[in-house]
Structures are given as C-alpha cells and as structure tokens.
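Following this message is one structure expressed as structure tokens.
Derivation of every value follows stated rules applied to the coordinates shown; laboratory data play no part. None of these values were measured; they are calculated from a predicted model. All Cβ positions, even for glycine, are placed from backbone atoms using ideal geometry, and neighbour counts span all protein chains on display.
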C-alpha cells in the first residue's frame, strides 16, 4: 500500500466458536449499508479447505498449478489466490482490502491475532471465558450477558449502536 493512499478501516469481529460472529457480521452489514455505507467483508478461517468446489473448472485450474484463478459470471466475480499463512498477515489484509474500491469499512470475521481493531462477540452459552479477559488488544465485548472484562461492553441487542460505535472507531463519517 502506498503512503498516498489512506488505509481502508478494518474491524475484526472475533469470538469463540458458536458465539454469533457470522450473525453479527451479517446484521452489521445490513445496518451499515442501510445507512449508505459501503461495506466489504473478509472471512478468516484456520481450516484448510478448498474455497471453490472440487471438480469444477476453477478448482481444476487451481489444482493444475495456476497461481490465481478468477471466476466471472453475470452476478459475481471471485478470485482465488493460493496463500501460505506463513506470510505477513497484515500485508495480506492490506492487499485484500485494496480489492474493495470505494468502501467505507471492511468487517473481518475472525482473526484474533491480526493487527487492527478487534471487537469480541460473547454469550454465556459458550461456557468459556471471553478472549478479552486475557487479551488486552480487544477494544470492546459485544454481549447482552454479564461479563467480567476490563474493556467496554456493548449491548449485543442494539446493533444500531454497535454500528455507530464501529463507524466512530473506524473514523468513518456517518
């Protein structure tokens, strides 16, 4: 990323398995786009699986050794680029964020270890303590349950307020 470009704000929604990350990200996308904010998302996963369907042409191209595979259709475009996780994760996020032109904010589902603003979604049903109890890099916990952390706790049921706080953190005009 060149110095003349301003980085696109990136907010990570983190949490334990089944904490509601995907649901919250989808609700935030609907809320923010409803306000006229262009939102992009990135799903972070630790699982090693094919992102395009095995046996299809794009998968065959990638398996044949293509360094990148693009898919163009009337309604969706995708690019699959192999990436070794030993690479610089921060650089990977910057590279991917540059793919989203004219975006106000990028919401990343997951990646507790990445640089960037992290918010944790948590609920009692998980039965494990929130990451925020041990991880000071998490800025706030989003929950409707009582939670013992040093960070701010934002109401999970007030998605509008969470969205406003995200825009404030990201320094996005709204």
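Which whole-number percentage describes the relative contact order of the chain, with Cα contacts under 8 Å and a sequence gap of 6 or more?
33 percent
By counting other Cβ atoms within 10 Å of each Cβ, how are 159, 141, 67 ranked from fewest to most?
Starting with the residue having the fewest Cβ neighbours, the order is 67, 159, 141.
Does anyone have the angle between helix 21-34 and the longest principal axis of the chain? Alpha-carbon axes, 0 to 90°, nearest 10?
Computed tilt is about 90 degrees.
So for the pair residue 161, residue 124, with labels modelled 7 Å out along Cα→Cβ, what separation do we get in nm?
Result: 1.9 nm between the two label points.
Something else: If neighbour count is taken as other Cβ atoms inside 10 Å, put 122, 154 in order from fewest to most.
154, 122
Is the chain best put as rounded, prolate or oblate by its Cα gyration tensor, with a ≥ b ≥ c the root eigenvalues, rounded for a/c under 1.5, and otherwise prolate when a/b is larger than b/c, oblate when not?
prolate
Then there's this: Apply the a/c threshold of 1.5 to the C-alpha gyration tensor of segment 76-171 and tell me whether it is rounded, prolate or oblate.
prolate
Relative to the present Cα-Cα distance, how much length would full extension add between residue 101 and residue 18 at 0.36 nm per residue of separation?
That works out to 26.8 nm of additional length.
A further question follows. Taking 0.36 nm per intervening residue step and subtracting the Cα-Cα distance, what contour gain separates residue 53 from residue 135 on full extension?
Length difference between fully extended and current span is 25.9 nm.
Right, here's the next one. Under the classification rounded if a/c is under 1.5, otherwise prolate if a/b is larger than b/c and oblate if not, where does segment 117-174 fall, given a ≥ b ≥ c as square roots of the Cα gyration tensor eigenvalues?
Oblate.
Between the helical axis of 159-170 and the dominant principal axis of the chain, each derived from Cα atoms, what acute angle in degrees is found, rounded to the nearest 10?
70 degrees
Further question: Rank these for me by crowding, 72, 112, going from fewest to most other beta carbons within 10 Å.
72, 112
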